[in-house]
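Please read the structure below before turning to the comments.
Bear in mind that the values in this text are calculations on the coordinates, not laboratory data. Quick caveat: nothing in here was measured; it's all calculated off a predicted structure. All Cβ positions, glycine included, derive from the backbone under ideal geometry; neighbour counts span all protein chains shown.
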Amino acid sequence: MGGVDRLDQNVGLYRCGINSKKWWWPILLYLIDMCVQQTWQLYRRLHESAIFPKDQLAVRFDGNSHFIEKKTEKQARCASCGMKCRQRCIICQVGVHDRCFAHFHSK
């Protein structure tokens, strides 16, 4: 698929639609959509070798630096048992009881 065909396909998928009686509105919107798609393609090409963040399982099972902290703000749901709790893991940023901490980080 050539570059123009792919551009038209992407513009068709994410088109801004306005109903207007002015003849120039569809042309203006097509040009804006085309610029947005070209900008997205340039961004993807420039950042294709960027380092992406670790997935949740890799962070959860790293085996160190996970600690419980007491929260003073509103309660959260425990990621392991589902009950309300005021503690959370510093690294994972999820609510977890102290009794559920080891179970959550080993499953």
Could you run the Karplus curve 6.51 cos²θ - 1.76 cosθ + 1.60 with θ = phi - 60° over region 98-104 and give me ³J(HN,Hα) per residue in whole Hz, x for Gly and Pro? 5, 7, 9, 4, 5, 5, 5
Student exercise, region 3-46 dipole from Lys, Arg, Asp, Glu Cβ charges, in Debye to nearest 20: 100 debye
Between VAL94 and CYS35, how high is the FRET efficiency from 1/(1 + (r/R0)^6) when r is the Cβ-Cβ distance and R₀ = 41 Å? Nearest 0.05. 0.55
With r defined as the distance between the Cβ atoms of ARG15 and ARG77 and R0 fixed at 30 Å, what FRET efficiency is calculated, to the nearest 0.05? 0.15
Need one number: nm distance between label points at TRP24 and HIS47, each 7 Å from Cα along Cα→Cβ, rounded to one decimal. 3.4 nm
